[in-house]
1. Which of the trypsin sites (Lys or Arg not before Pro) found in the stretch 46-125 are in a DSSP loop and have at most 16 neighbouring Cβ atoms, other than their own, within 10 Å?
2. Just to confirm a number: summing +1 for Lys and Arg and -1 for Asp and Glu over residues other than MET111 whose beta-carbon lies under 14 angstrom from that of MET111, what do you get?
3. For helix 97-125, what angle does its Cα long axis make with the longest principal axis of the chain, in degrees from 0 to 90 and rounded to 10?
4. Tilt of helix 65-87 relative to the longest C-alpha principal axis of the chain, in degrees (0 to 90, nearest 10)?
5. Per residue, what volume in Å³ does the Cα convex hull of the stretch 2-125 take up?
6. In degrees between 0 and 90, to the nearest 10, how far off the longest principal axis of the chain does helix 36-59 point, with axes built from Cα atoms?
7. Using a basic spin-label model with each label point 7 Å from the Cα along Cα→Cβ, how many nm lie between ALA31 and THR59?
8. Once you list every other residue whose beta carbon is under 14 Å from the beta carbon of THR59, what net charge do they have if Lys and Arg are +1 and Asp and Glu are -1?
Amino acid sequence: MKKMISLWGPVIIFAVLVFLLSSMPFPLKKAPFPFFDKVAHVSEYAIFATLLFRALSGTWSGVNFLLLVLFTVVITLGYGVSDEFHQSFVPTRTSDIKDVAADGFGAIMAMTAVFIKRKVFRRVSD
């Protein structure tokens with residue numbers, strides 16, 4: 001039970017945090033720099049994908065690496081779509097397909113980093 005909590009707790013906490021932040025009317029009148037919103041989405045969903053991959057790989061240790069990567073990206077993208085749908089009901093917030101693309105890009109970036117890390121450390125240990 002402790003293992004499940006340590007694996008899935010961070011995923012659930014992060015997902016709840018994303019939901020709560022999405023529930024707030026957008027507080028910034030002007031973005032601090034161009035494309036701030038997209039950078040935030042990429043960063044946020046890269047973190048989410050990393051936490052999710054960690055939980056999935058700890059839960060399904062015998063599953064093929066690339067299948068875990070695919071599951072991670074699909075689930076992360078699904079959460080991004082649900083988040084945009086949720087935002088469409090929040091006053092002063094909008095739903096944008098470009099945000100979903102940024103979410104997917106963040107997930108793919110995170111999984112690329114995991115893949116590269118896995119390849120580098122596998123070579124070092126051989």
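Quick note: the coordinates plus some simple rules give every number you see, no bench work behind them. Being a predicted model, the structure only gives us computed values, none of them experimental. Using ideal geometry, Cβ is built from the backbone for each residue, glycine included, and neighbour counts are taken over all protein chains shown.
1. Values: sites: ARG54, ARG93, LYS98, LYS117, ARG118, LYS119, ARG122, ARG123; in loops: ARG93.
Here the sparse-neighbourhood loop sites are ARG93.
2. On the way: positive: ARG54, LYS117, ARG118, LYS119; negative: ASP103.
Neighbour charge sum, excluding MET111 itself: +3.
3. Here the helix axis deviates by roughly 20 degrees.
4. Approximately 10 degrees, to the nearest ten.
5. Details: hull volume 14.6 nm³, N = 124.
Taking the convex hull of the Cα positions in the stretch 2-125, it is 118 Å³ per residue.
6. 30
7. 3.3
8. Numbers: positive: LYS2, LYS3, ARG54; negative: none.
Summing Lys and Arg as +1 and Asp and Glu as -1 gives +3.
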